[in-house]
Amino acid sequence: MESVTVPGGDGMSLHVGVVGDGPDVVVLSGGPGCVNYLEHDALAPEGTRAWFPEPRGVGRSGGGAHDLTQAVDDLETIRATMGVDSWTVLGHSFGSDLGVRYALDYPERVHSVVGIAGHGLHKDRTWSQIYSEHRHVEDSLVITWDAAVHESLNASFIEWIHQPTLFRQLADTPVRMSFVAAGEDIRPDWPLRQLAALIPRGQFRSVRGVPHNFWHTHPETWTALVSELCRGEVIVQAADIDEPGVADVLALAIGDDPQKIRATVDRYRNDPAVTLLLATDRGMPVGAVGYTPGAAAITILHIATVKSARRMGLGRRLLAEVRRAAPAGLPLVAETDADAVGFYAATGFTVTPLGEKYPGRQRFHAHLDHHSS
């Protein structure tokens, strides 16, 4: 985990931890007013660049008591300072509610919200009564927090949820939001279910057998869940070799030879028989496949995924998109080297050795019938 310091105005600074490589995710802890207890490498969503801001006035960040508007402004300051165009917001407990507020205030900067074990946008007596009655059965967890920050953010939260336009904003938001309840949480989950039903791109799920702070009690479950939900929505569509980032992805399948890269780029640019499909996640190129259909088969020329998107089924997705776009009924074929044999075999291809077509380089023929999955 790398630590960075971001100027927060008024001579104070904000601490942010950052780890990983891939699409950006900002991870918000709960409280309100707690240190960022989620700032651990093992809790970061896999395949992402995860940012862990410490709230203003807490822990390693300067400043003091503040309201929700300032909390959101601090997130925007961090995003802009670090050169992030947009990101997914992952929040736990109060962090889930803050993530919703951030998405409503800056929908163009929030790709999606993942809210886990949130409170919800309410101040309901029956909810509070159930919580109070069962508080004694919840395992105590010592987390550093600041009372003044806690009090000021709670007061601001109540003001916010009383705004007359709040539910209109929620019903109109274009931002995708996923809300997750912890199955053994003493906090009722109906507020999260309501949010998921109200928001156009909302969804709800519950994880059985885990408590509110399952990031602490079941860290492997936490990491698997947030990795899944923060992957975003991969879009695969036809692309031009000259689009930003496309050639860089293809180079992963070509190698480091500049002459070979130039020749390949020229072919994709000039050969009308060659088609290129690009996979993007939140606007970032994460995979590509080039192919050419023939009379007897569809030939895969190149297929590549960036490191952060591997082992997520993207290669299979790209091959499925080739089949969808190309003439029906034709098998897929490819010629490859030893490094890619495992991928083709794992996706159902029959792999046959071709011997050394080049000195010291074993080549292989891969074949997938049209009826294979």
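The values are calculated or read from the model by the stated rules, or taken from the named source; none is laboratory data. Since the model is a prediction, treat every value here as computed from it, not as a measurement. Methodologically, a virtual Cβ is constructed for each residue, glycine included, from the backbone with ideal geometry; neighbour enumeration extends over all protein chains shown.
Just a few scattered comments:
- Tabulated pairs, segment 28-41, first assigned by the TED database to the domain that holds residue 99, second β-branched (Val, Ile, Thr) and assigned to a strand (DSSP E or B), C-beta under 6 angstrom, 6+ apart or interchain: 38/27; 41/19
- Residue match in segment 86-98 (condition: surrounded by fewer than 16 Cβ atoms within 10 Å (Cβ to Cβ) and in the same structural domain as residue 198 (by the TED database)): no
- Only a single criterion out of (1) closer than 22 Å to residue 21 by Cα; (2) modelled with pLDDT under 90; (3) out of contact with any Ser or Thr (no Cβ under 8 Å at 6 or more places or on another chain) is not satisfied by residue 308, namely (3).
- Of the numbered criteria (1) under 28 Å from residue 175 (Cβ atoms); (2) surrounded by fewer than 21 Cβ atoms within 10 Å (Cβ to Cβ), the one residue 299 fails is (1).
- Taking strands (runs of 3 or more DSSP E) as the structural unit, those lying wholly within segment 321-373 and holding at least 1 residues that are modelled with pLDDT under 85 and under 18 Å from residue 255 (Cα atoms) correspond to 350-358, 361-368.
- Any chance residue 6 is in contact with a helix residue (DSSP H, G or I) (Cβ under 6 Å, 6 or more places away or on another chain), among the β-branched types (Val, Ile, Thr) and surrounded by fewer than 24 Cβ atoms within 10 Å (Cβ to Cβ): yes
- When we screen 95, 91 for residues that are touching a residue at least 40 places away in the same chain (Cβ under 8 Å), out of contact with any helix residue (DSSP H, G or I) (no Cβ under 9 Å at 6 or more places or on another chain) and closer than 20 Å to residue 225 by Cα, the only hit is 95.
- Verdict on residue 139 being modelled with pLDDT under 95, out of contact with any strand residue (DSSP E or B) (no Cβ under 6 Å at 6 or more places or on another chain), on the phi < 0 side of the Ramachandran plot and surrounded by fewer than 24 Cβ atoms within 10 Å (Cβ to Cβ): yes
- Taking segment 125-201 as the region of interest, the helices (runs of 4 or more DSSP H) fully inside it that hold 1 or more residues being among the acidic types (Asp, Glu) are 125-134, 147-161, 166-172.
- Residue check for residue 202: within 23 Å of residue 135 (Cβ to Cβ), in the same structural domain as residue 134 (by the TED database) and free of Cβ contacts under 8 Å to residues at least 40 places away in the same chain: no
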